[in-house]
Amino acid sequence: MLPSTDLVVVGAGIVGLAHAAEATARGLRVTVVDRDDRAAGASVRNFGHVCTTAQSGRALEYARVARERWVELGAKAGFEVKQCGTVVVARTASEHAALAEFSAARPAGEVVLLDAEGVRERFAPAGADVVGGAFLPGDLRVAPVEAVPALAAWLEAEGVTFRWGTHVGAISPGTVHTSRGDLSAPYVVHAVNYDVDRLFPDIADAAGVRRCRLQMFEVEAPDGVRIEPGVLTGTGILRYGGMAEQPSAAAVQAELEKDRPELLDIGLNLMLTQRPDGVIVLGDTHHYDRTLPPFDDEHVAELVLREGARLLGSPLTVRRRWRGVYAHSPTTDYLTAAPYPGVRVVSVTSGIGMTTALGLAPAVLDDLL
């Protein structure tokens with residue numbers, strides 16, 4: 001009896017959906033299995049910031065492919081993809097110097113260096129301490145709580161079978177063993193983000209995979225302000241490869257170590273995006289562990305909200321707060337492994353799944369198929 005599906009994708013987050021979309025485009029019959037009734041993990045807890053330009057190396061290659069895929073899929077699946085770019089706000093000379101080096105290193109127009117007034121034109125709340133910045137016009141923004149379910153619904157309409165509320169207990173060559181029976185398929189992609197160690201602990205251990213916890217917030221927009229682009233700050237210069245590899249990034253690091261070490265202690269990447277309803281998503285912090293503690297430190301929240309208020313120039317009213325969690329590896333941004341013939345274990349281990357998953361999936365399927 002022939003298998004009823006060509007590819008089983010375990011996990012309906014953005015990495016799993018990216019593989020389902022790519023496989024469907026190649027004419028494969030696809031079944032997606034997820035333990036929950038809908039996507040509820042990192043794929044709907046993030047900023048919706050498709051930060052293409054700030055990547056480097058393989059991540060930049062994937063991000064450029066993913067950017068075009070986002071635009072195409074948004075049109076097909078009926079969710080908004082805003083081509084609004086990113087503003088990087090510089091508040092010290094070292095930060096501005098790193099952005100100037102980043103601009104010079106990229107093709108003309110890909111990174112536009114800004115003076116203080118240029119930042120304020122794109123990010124009205126920018127305060128008097130802003131010395132300049134950069135604009136990354138190629139970046140995108142989506143609302144993940146809308147885009148991810150819309151993508152899943154569109155894939156289902158295109159013929160993808162979804163088995164929600166179904167736990168996968170084991171994978172063997174040609175078979176996915178689930179709580180609702182076995183699924184037979186010649187190809188399997190296991191894409192469950194930080195839970196890769198549940199079925200494949202040796203693979204996770206070899207890559208040093210840990211869970212990264214983020215503290216994030218939704219806050220009211222001060223005075224109804226509208227912010228079209230995503231907004232990064234000097235802390236982001238140290239976290240994104242394209243900027244972090246610039247010579248002046250070392251001076252940015254030294255400044256923070258000297259003047260604001262508490263921000264480094266909590267792994268702050270101060271950034272924000274604005275949802276279509278006007279609420280601002282603000283964050284985020286980084287804490288790494290194999291098993292994360294169940295408790296959040298209010299002092300960490302106070303630091304994020306303090307820095308957010310400084311960035312937005314106004315006291316903040318919190319509407320919601322939550323934990324984001326993603327997989328992290330100290331050795332690779334992308335975990336891909338082949339435990340059995342026809343099976344690939346895939347995880348974006350760098351927190352840039354929304355930015356790069358749609359570019360990673362074609363490379364994984366090229367290899368798998």
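The values are calculated or read from the model by the stated rules, or taken from the named source; none is laboratory data. Note that this is a predicted model, so its numbers are computed, not measured. A quick note on method: Cβ atoms are made from the backbone with ideal geometry, for glycine too, and the neighbour counts reach across all protein chains shown. What goes into the accessible areas is simple: the full protein's heavy atoms, side chains included, and nothing from ligands, DNA or RNA. Shrake-Rupley method; radii C 1.70, N 1.55, O 1.52, S 1.80 Å.
Checking each residue in the stretch 245-261 for being touching a helix residue (DSSP H, G or I) at 6+ places or on another chain (Cβ under 6 Å) and in a helix (DSSP H, G or I) picks out ALA249, ALA251, VAL252, GLU255, LEU256.
Within the stretch 147-164, residues that are basic (Lys, Arg) have Cβ atoms under 7 Å from residues that are open to solvent by less than 50 Å² (accessible area, probe 1.4 Å) and assigned to a helix (DSSP H, G or I) in no pair, counting only partners at least 6 apart in sequence or on another chain. Exactly one residue out of VAL176, VAL188, VAL192 is more than 21 Å from ALA25 (Cβ to Cβ), within 24 Å of the chain's Cα centre (by Cα) and surrounded by 23 or more Cβ atoms within 10 Å (Cβ to Cβ), and it is VAL192. Within the stretch 88-108, the set of residues being assigned to a helix (DSSP H, G or I) and without any contact (Cβ under 8 Å) to a residue 12 or more places away in the chain comprises ALA104 only.
Within the stretch 214-254, restricting attention to residues that are of a type in the set (Val, Ile, Thr) and open to solvent by 10 Å² or more (accessible area, probe 1.4 Å), the residue that is farthest from GLU302 (Cα to Cα) is VAL225.
The condition (being under 17 Å from the mean Cα position of the chain (by Cα) and open to solvent by less than 10 Å² (accessible area, probe 1.4 Å)) is satisfied by just one residue among ALA42, ALA23, ALA18: ALA18. Of the residues making up the stretch 217-240, those that are in contact with a Leu (Cβ under 7 Å, 6 or more places away or on another chain), in a strand (DSSP E or B) and within 17 Å of ARG319 (Cβ to Cβ) are PHE217, VAL219. Can you tell me which of PRO339, PRO276, PRO315 is in contact with a helix residue (DSSP H, G or I) (Cβ under 6 Å, 6 or more places away or on another chain) and either farther than 29 Å from PHE79 by Cα or open to solvent by 60 Å² or more (accessible area, probe 1.4 Å) (or both)? Result of the check over PRO339, PRO276, PRO315: PRO315.
Is it true that ALA301 is surrounded by fewer than 19 Cβ atoms within 10 Å (Cβ to Cβ) and either within 20 Å of the chain's Cα centre (by Cα) or part of a helix (DSSP H, G or I) (or both)? Don't jump to the end; show me each part of the working.
On the way: surrounded by fewer than 19 Cβ atoms within 10 Å (Cβ to Cβ): yes; either within 20 Å of the chain's Cα centre (by Cα) or part of a helix (DSSP H, G or I) (or both): yes.
Answer is yes for this residue.
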